[in-house]
Amino acid sequence: KFENESKDKSIYRDLKKNSSNHMYSYRKNFKNTYAKKKGLKKLDCYCEKKIFNNIDKIQKLAESGNYDKKTFKNILIKKYGYKIILSSLFLLLGLIV
């Protein structure tokens, strides 16, 4: 039983490493793909870039401060609350149409 648990943990650890590497390489090659796109695809890449940048900012904010969970949530809502709400409403509108 213990061998299976250790194998599962190592598989999970490997998957976690691979997914982060994939994301890193995707972000690294993003500039090349953005330049080649035209029209709505370029707009999609622009929005994707903005979302990734905001996620990076949130991650840096989480790593930089020693906040408890409640304080961190309040900071996120104050900084990014309207942006998240409006973007989610925009996505819901796209799903409806």
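The values are calculated or read from the model by the stated rules, or taken from the named source; none is laboratory data. Just so it is clear, the structure is predicted and the values come from calculations on it, not from any experiment.
Residue selection: L15 satisfies the criterion of being modelled with pLDDT under 80 and part of a helix (DSSP H, G or I). Residues that are hydroxyl-bearing (S, T, Y) and not in a helix (DSSP H, G or I) within the stretch 49-97 comprise just one, Y67.
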